[in-house]
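Reading through the structure tokens given below for one structure.
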Amino acid sequence: MTFLFPTTSPATVDALDARWMHEPLVYLAVAAICLLIALRFLKQALAPIGALIQAVAAAAVVAFTAVIALAMLVLAAVTTAH
């Protein structure tokens, strides 16, 4: 049985066995570039979440100050009633 497309060709073997592919510095450089790209797009992806975090923080401050205000009103009512 003959295949129309051989699974290994000399050009493919030479390209995969290039000398630069055996250098750890090449892998580190490619990894650094990939991480920089990932961090850039992660920052863009998380940008809308920043507004959500600010809104939750503002709601927490409003809730805290409202509870403190109600507690002071109750305390003032109790102390003037006696």
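Taking first residues from the range 18-29 that are assigned to a helix (DSSP H, G or I) and partners that are modelled with pLDDT of 70 or more, the Cβ contacts under 9 Å between residues at least 6 apart in sequence or on separate chains come to W20/V26; M21/Y27.
Can you confirm whether T65 is at pLDDT below 95, assigned to a helix (DSSP H, G or I) and not basic (K, R)? Criteria not met by T65.
The values are calculated or read from the model by the stated rules, or taken from the named source; none is laboratory data. Computed from a predicted model, the values in this text were never measured in an experiment. Cβ: placed from backbone, ideal geometry, glycine included. Neighbour counts: every protein chain shown.
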